[in-house]
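What follows draws every value from the coordinates through simple rules; no lab data is involved. Owing to the predicted nature of the structure, the values given are computational and were not obtained by experimental measurement. We place every Cβ from the backbone using ideal geometry, glycine too, and count neighbours over all the protein chains shown.
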Amino acid sequence: MPEITTSVKFDNIAREWRCKWSEDASKASLDAAQAILADLLPELSSVEGVATIQRIVCGGCHDFKVITKLPATAFGEWEKADFAPEKDFLAKLGGIKGVSAVETQTYTLEEVKLNKKDAKKAMENKEAEAEKAKADAPKPPEDPAKKLKKVIKEGGKRGVEIEGAADMGGLQFFCTSVDEPEGDVELLTKCVEAMNAKSDPTEEERKGGSGHIGKMVFSVGAEHLAVLAYVPEEKQAELSCAEWLETVLKTQPGHKMLTQDKSVSTGIIPTDSDKNIFPLKIREPLILEANNFLRKKGLFPEDNGDSGDECVFGDDDFPS
């Protein structure tokens, strides 16, 4: 198949004869052009290989066009014959009063309409691609106030859950993860503050209440894993907040300590696909690492070999 580019191929070539007609004398020039076409149409239709002959008339721009299409394999022979009866047709058009701009043009002409089955399939594929593009498109930034409200709500609820779980297990320290901060260290800090806030007994729904429990909290983001360590004042003689966090972070290359304090320390571990470091993948192993550090200091229950006794808490351990 001949081609103009690798994506633009053709099987057929068309020859166009055209002119402009006039509104004068009740469109007499248009009638005359049509009469010439009718007279020469038998000869034109007899050209070897002719596939279609089309007439185009525009009442607005006053175009009168005759388009003759042949397979590319047959077009060359017609071209050698000077596209007969072209000369006769054009000469007669040029002699009509009111006719102007008598011209010719050659171009490829292909039928590109899809059948119903292929058209339906193409539309379904297009819709699927649009849905995928919509799903893959970056989400618009969330209203900071609304986002903070969600973060604090999650923190308050998680604080109550941590308090209950720690009290039942006799734990002084607790390791877990939260969703809403999405790896934002500032929001993670706000979330932990909500966990530690004193519960108001007058409120219908309890919030917070875990300020007496030390904790390490993880938050998965696209670019990094954010980690915050919290050690209450009464336990700071037994555990260094910064040391605890740094011990956990340094198990992964590229880690960064962001803040160091007796009560709260923060850090991140950046995503690194080349080193197979992904926040979601490394989160649970790091929770185990945090617990093991506490164990060595006698601040966390020993692992007696029964996997059911291991206290590792992630997103799935707290119902929404």
### Query
For the chain, list the DSSP H helices whose alpha carbon atoms reach 15 Å or more along the long axis and whose average Kyte-Doolittle value is -0.5 or above?
24-45, 185-196, 279-296
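Per residue, what volume in Å³ does the convex hull of the Cα atoms of region 199-252 enclose? Can you show the working numbers first?
On the way: hull volume 5.0 nm³, N = 54.
Hull volume normalised by residue count: 93 Å³.
When ranked by the protection proxy of mean other Cβ atoms within 10 Å per residue, highest first, what sequence do the peptides 183-191, 53-61, 16-24 form? Spell out each step's value before the answer.
On the way: 183-191: 20.2, 53-61: 10.4, 16-24: 17.2.
Ranked by mean Cβ neighbours within 10 Å, highest first: 183-191, 16-24, 53-61.
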### Task
Match the structure shown to one of the listed values [x] 69, 32, 16; [y] 85, 22, 16; [z] 30, 27, 19 of semi-axes √(5λ) of the Cα gyration tensor in Å, computed from it, and give that label.
[y]
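Please compare each pair in Lys120/Lys146; Lys132/Lys256; Lys153/Lys281; Lys9/Lys65; Lys134/Lys250; Lys190/Lys297 to a cut-off of 32 Å on the Cα-Cα distance and tell me which ones are over it. Write out the running numbers ahead of the final one.
Numbers: Lys120/Lys146 42 Å; Lys132/Lys256 35 Å; Lys153/Lys281 26 Å; Lys9/Lys65 25 Å; Lys134/Lys250 38 Å; Lys190/Lys297 28 Å.
The answer is Lys120/Lys146; Lys132/Lys256; Lys134/Lys250.
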### Message
Please enumerate, by chain and number, the aspartates and glutamates with C-alpha under 17 Å from the C-alpha of Lys275, excluding those fewer than 8 residues away in the same chain.
### Response
Glu223
### Message
Viscosity 1.567 mPa s, temperature 4 °C: what is the translational diffusion coefficient of region 72-128 from Stokes-Einstein with a Kirkwood Rh over Cα pairs, rounded to a whole number of µm²/s?
### Response
84
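Kirkwood Rh over Cα pairs of region 95-169 into Stokes-Einstein at 20 °C, 1.002 mPa s: D in µm²/s? It would help to have the intermediate numbers written out before the result.
Numbers: Rh = 20.4 Å.
D, rounded to a whole number, is 105 µm²/s.
If packing is taken as the mean number of other Cβ atoms within 10 Å per residue, what is the order of 209-219, 123-133, 257-267, highest first? Don't skip to the answer; put the middle values down first.
On the way: 209-219: 23.6, 123-133: 10.0, 257-267: 16.9.
Highest-to-lowest ranking by the protection proxy: 209-219, 257-267, 123-133.
Can you give the alpha-carbon Rg of region 248-307 over 2.2 N^0.38 Å, where N counts its residues?
Numbers: Rg = 13.6 Å, N = 60, 2.2 N^0.38 = 10.4 Å.
Expressed relative to 2.2 N^0.38 Å, the Cα Rg reads 1.30.
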#### Entry: Dmax and Rg, reported as Rg then Dmax, of region 146-287 (C-alpha, Å)
14.7, 52
### Message
Can you classify region 1-160 as rounded, prolate or oblate using the Cα gyration tensor, where a ≥ b ≥ c are the square roots of its eigenvalues, rounded means a/c under 1.5, and otherwise it's prolate if a/b beats b/c and oblate if not?
### Response
prolate
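Can you bin region 45-99 into rounded, prolate or oblate? Criterion: square roots of the alpha carbon gyration tensor eigenvalues sorted a ≥ b ≥ c, rounded for a/c under 1.5, prolate for a/b above b/c, oblate for the rest. The partial results should precede the final answer.
Working: a/c = 3.25, a/b = 1.62, b/c = 2.00.
Verdict is oblate for region 45-99.
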### Query
Which whole-number percent gives the relative contact order of the chain, counting Cα pairs below 8 Å spaced six or more residues apart?
13
